[in-house]
Amino acid sequence: MSHIVTIRTEVRDVAAVHAACRRLGLAHPAHETVPLFSGERTGYAVRLPAWRYPIVCDLAQGTLAYDDYEGRWGERAQLDRFLQAYAIERATLEARKRGYGVVEQPLEDGSIRLTIEVGDAA
């Protein structure tokens, strides 16, 4: 039997946003008001490679604002990589805060398996 799983990523942690940018070699995100095609947005601006406009992380709402003109102004794969990096960094920060170990394993399909070591498996 198959199951459909829907995951909604909320971007709410500034430390994880910064860590995701470091992981991807992106510029340090700054909290600012930036122009997008559809208007201005305020939040942490992340500048993805070859994107016309930055993505803007609204941490209070947990949302991203961006204009990519259906991929013409920015490759969606870059956004997906940022969201993956954010999720990895957020999970890692939370696990380490609780004293857990984290093992990261890149997979052939580009995904990453995180193993969180909670304690002794006695």
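The values are calculated or read from the model by the stated rules, or taken from the named source; none is laboratory data. What you are looking at is a predicted structure, and each value in this text was computed from that prediction instead of being measured. Neighbour counts are summed over all protein chains in view; Cβ atoms, including those assigned to glycine, are modelled from backbone coordinates with ideal geometry. We work out accessible area using only protein heavy atoms, side chains counted, and drop any ligands, DNA or RNA first. Shrake-Rupley method; radii C 1.70, N 1.55, O 1.52, S 1.80 Å.
Residues in the range 31-43 that are assigned to a strand (DSSP E or B), in contact (Cβ under 8 Å) with a residue 12 or more places away in the chain and surrounded by fewer than 20 Cβ atoms within 10 Å (Cβ to Cβ): His31, Glu32, Val34, Pro35, Leu36, Thr42. Does Arg23 qualify as being of a type in the set (Lys, Arg) and surrounded by fewer than 20 Cβ atoms within 10 Å (Cβ to Cβ)? So Arg23 passes the test. Determine whether Arg81 is more than 24 Å from Pro106 (Cβ to Cβ), open to solvent by 70 Å² or more (accessible area, probe 1.4 Å) and either of a type in the set (Lys, Arg) or touching a strand residue (DSSP E or B) at 6+ places or on another chain (Cβ under 9 Å) (or both). When the stated conditions are applied, Arg81 does not pass them. Considered as a group, the residues in the range 1-18 that are out of contact with any Ser or Thr (no Cβ under 8 Å at 6 or more places or on another chain) and modelled with pLDDT of 95 or more include one that is surrounded by the fewest Cβ atoms within 10 Å (Cβ to Cβ), and that residue is Ala15. Is it true that Ala65 is in contact (Cβ under 8 Å) with a residue 60 or more places away in the chain and in contact with a Leu (Cβ under 8 Å, 6 or more places away or on another chain)? No: the conditions fail for Ala65. Within the range 12-30, the residues that satisfy the criterion of being small (Gly, Ala, Ser) and outside any helix (DSSP H, G or I) are Gly25, Ala27, Ala30. Among the numbered conditions (1) in contact with a strand residue (DSSP E or B) (Cβ under 8 Å, 6 or more places away or on another chain); (2) open to solvent by 40 Å² or more (accessible area, probe 1.4 Å), the only one that Arg98 does not meet is (1). The condition of being open to solvent by 10 Å² or more (accessible area, probe 1.4 Å) and over 28 Å from Glu117 (Cα atoms) holds for only one of Ala91, Ala87, Ala65, that being Ala65. Just one of the numbered conditions (1) touching a Phe, Trp or Tyr at 6+ places or on another chain (Cβ under 8 Å); (2) closer than 17 Å to Leu26 by Cβ; (3) exposed (fewer than 14 other Cβ atoms within 10 Å of the Cβ) is not true of Ala50: (1).
Scanning the range 52-64 for residues that are of a type outside the set (Ser, Thr, Tyr) and over 13 Å from the mean Cα position of the chain (by Cα) gives Arg52, Pro54, Ala60, Gln61.
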